[in-house]
Amino acid sequence: MTRFIFITGGVVSSLGKGLAAAALGALLQARGYKVRLRKLDPYINVDPGTMSPYQHGEVYVTDDGAETDLDLGHYERFTGVPSRKSDNITTGRIYQNVIARERRGDYLGATVQVIPHITDAIKEFCVSETEGHDFVLIEVGGTVGDIESLPFLEAIRQLGLELGRERALYVHVTLMPYIAAAGELKTKPTQHSVKELQSLGIQPDVILCRSDRPIPDGDRKKISLFCNVPIASVVPALDVRSIYEAPLSYHEAGLDEQILKTFGIQDAPLRALDRWTDVVRRVLAPEGEVKIAVVGKYTGLKDAYKSLAEALAHGGIANNVKVDLEWVESEIFEHDQDLVSAHLEGVHGILVPGGFGERGSEGKIRAVTFARERRVPYFGICFGMQMAVIEAARSLVGIKNASSTEFGPTPEPVVGLMTEWMQGNDIARRKANGDLGGTMRLGAYPAKLQEGSLVAEIYGATRIEERHRHRYEVNTAYRPELEKAGMRFCGMSPDDMLPEIIEIPAHPWFVGVQFHPELKSKPFEPHPLFASFIKAAVDQSRLV
Ligand code: GLN
């Protein structure tokens, strides 16, 4: 029997609802259950792929090539369950599907309405592909009270009724603000938010109260009374020192126990939380520290590189060190060359992450030059690999105007648009002037690694699969010259058409990858490339 847990948020956004869902998923897993986590997003974009990272943070890509909400990254990092296309849906996608059905005449002359057609489509999504799972956790994006989330809340209300009490449960995450002048935590915002939810026909079963300090029993009693839930179901969710402490902290507060009790489940002993105790111990008591400069474009908003920051932290977990990140806006290197050494001198590793567009690209190339010449460990991810190859073409091969066709026509397209490539046994095609939404090389693709290369040693394998999200590719026409100059194309697509990984063997650690390894890293299973990069940074820290 598959049970559903619906997670809503109240009072304010950015409460960490996604993290709470992910942590709860991890706790249910620790009791031996098979879980799946999903997100309903109320915005009208069909997927977040076309949204600026400044608007919405990182776009998280799944193995099956969906561009999804970054909360799916939390789900995967906490549970290790690979997310799928079918784990994230937006208002835009729901409407697109319903309108397509209407055009086909599938509604047989009916007037197509929010209730029942939109809500039915939402319900269909919630219960699809859930066979074999014990728990499906469904997070509703946005805050209760928003106009956009109404159809989603109505759909989960109906689902609760259809599934019955023993198969559906509602968790509402709220905020208890501390008012300094009164010296008190306040319950009123929670009461109002729950009232709002009740007015939509949803009675929360568990209220998870986010707070920056312990919640007195009196306050929990008050919430219990006003919000119509047993006091044991008013669960404090206090701020934690590391996000990876959340499963332990929620468990201590009784979250998983209360949820199981509410479902009437008695016999689900907790098997092991060792995984989390070990991660937290390593995060909170590191034995050293390394400094990594991330030279990118969206450095003003940390969520834009969420998975990357986490994967770097996982690299630290693997090496028992704290990873101190210095976010550098690459554009500043273009205005003032001196800033390059001012920012990069003394760092133990330099990383150029994924990115789009010309702005800031020359600054990234300067960061590559610094890393290469000064023998500082360099990790180029996607755009960061492309910039490393352009840098090598210019500095090592002498192709002064080496560039990418992403920035406009160029006589030396060292990085260019591929309009055809193999996907399994089929040829995938893309138009040079096609739509921007969903037209990239997306999702998991295999790569073969050269025997004896650094990356083959790091992975301990010569065949890997990693997730992609890009339009442009390194042009193999330049491969012979680049290899002669010391850059090895050590990872290629199985048909040898697309460069997947480059390295400079003469450098202590210089690796560029066309894919996004950060998407698959987990705290309890750090990605080998990040573990190795941070190890190289530790070695570097002993030199400087
Ligand atoms: N802009 C580059 C491309 O589209 C790199 C994309 C990325 O870094 N994700 O190929």
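Packing, as the average of other Cβ atoms within 10 Å across residues, places the peptides 186-195, 213-222 in the order 186-195, 213-222, highest first.
Among 17, 400, 364, the sequence by solvent-accessible area, most first, with a 1.4 Å probe is 400, 17, 364. Approximating the spin labels as points 7 Å out from Cα along Cα→Cβ, the residue 14-to-residue 285 distance works out to 3.3 nm. Calculated from DSSP H runs of 4 or more alone, at -39500 (n - 2.57) each and per residue, what is the 222 nm mean residue ellipticity of the chain, nearest 500? Value at 222 nm, helices only: -10000 deg cm²/dmol. Annotation: amide H-H contacts under 5 Å for residue 4 (H modelled 1.01 Å from N, sequence separation of 5 or more, or interchain): 136, 168, 169. Which percent of the accessible heavy-atom area of the chain goes to carbon and sulfur, probe 1.4 angstrom? For the chain, the apolar C and S fraction of the accessible surface comes to 50 percent. Could you tell me the relative contact order of the chain? Use alpha-carbon pairs under 8 Å, at least six residues apart, and round to a whole percent. Normalised by residue count, the contact order of the chain is 15 percent. Of the trypsin sites (Lys or Arg not before Pro) in region 224-286, the ones in a loop by DSSP (not H, G, I, E or B) with at most 11 other beta carbons within 10 Å are 241, 271. Surface calculation, 1.4 Å probe, protein heavy atoms: residue 369 sits at approximately 40 Å² accessible.
Net charge in the neighbourhood of residue 463 (other residues with Cβ under 12 Å of its Cβ; Lys, Arg +1, Asp, Glu -1) is -3. Solvent exposure of the chain amounts to 41 Å² per residue of accessible area, where only protein heavy atoms count and the probe is 1.4 Å. Annotation for region 165-244: GluC sites (Glu not before Pro) lying in DSSP loop with at most 15 further Cβ atoms inside 10 Å of their Cβ are 166. For residue 43, the residues whose modelled amide H falls within less than 5 Å of its own, excluding neighbours fewer than 5 places apart on the same chain, are 91.
Taking every protein chain into account, the 1.4 Å probe leaves residue 454 with about 50 Å² of accessible area, to the nearest ten. Here the Karplus relation 6.51 cos²θ - 1.76 cosθ + 1.60, evaluated at θ = phi - 60°, turns the backbone of region 130-136 into coupling constants of 10, 4, x, 9, 7, 10, 10 Hz, with x for every Gly and Pro.
Exceedance of the 18 Å cut-off in Cα-Cα distance is limited, within the set 186/222; 195/221; 123/306, to 123/306. Label reach from residue 195 (point 7 Å along Cα→C-beta): in region 3-30, no amide nitrogen lies under 11 Å. Classify the chain: rounded, prolate or oblate, from the alpha-carbon gyration tensor (a ≥ b ≥ c, eigenvalue square roots; a/c under 1.5 rounded; otherwise prolate if a/b is larger than b/c)? It comes out prolate by the Cα gyration axes. Counting DSSP beta bridges in the chain, what percent are antiparallel, to the nearest 5? Of the beta bridges lying entirely in the chain, close to 35 percent run antiparallel. Of the GluC sites (Glu not before Pro) found in region 309-370, those in coil by DSSP whose Cβ has at most 13 other Cβ atoms within 10 Å are 345, 358.
Partners of residue 535 within straight-line reach, counting lysines whose Cα lies under 19 Å from its Cα and excluding those fewer than 8 residues away in the same chain: 291, 322, 520, 522. In this calculation the C-beta distance from residue 320 to residue 539 is compared with R0 = 22 Å, giving a FRET efficiency of 0.95. The distance between label points at residue 128 and residue 166 comes to 2.9 nm (points 7 Å beyond Cα on the Cα→Cβ vector).
Heavy-atom accessible surface of residue 174, to the nearest 10 Å², is about 0 Å², with a 1.4 Å probe and all protein chains retained.
The values are calculated or read from the model by the stated rules, or taken from the named source; none is laboratory data. Quick caveat: nothing in here was measured; it's all calculated off a predicted structure. Reconstructed Cβ throughout: ideal geometry from the backbone, glycine too, with neighbour counts over all protein chains shown. Protein only, heavy atoms only, side chains kept; ligands, DNA and RNA dropped before computing areas. Shrake-Rupley method; radii C 1.70, N 1.55, O 1.52, S 1.80 Å.
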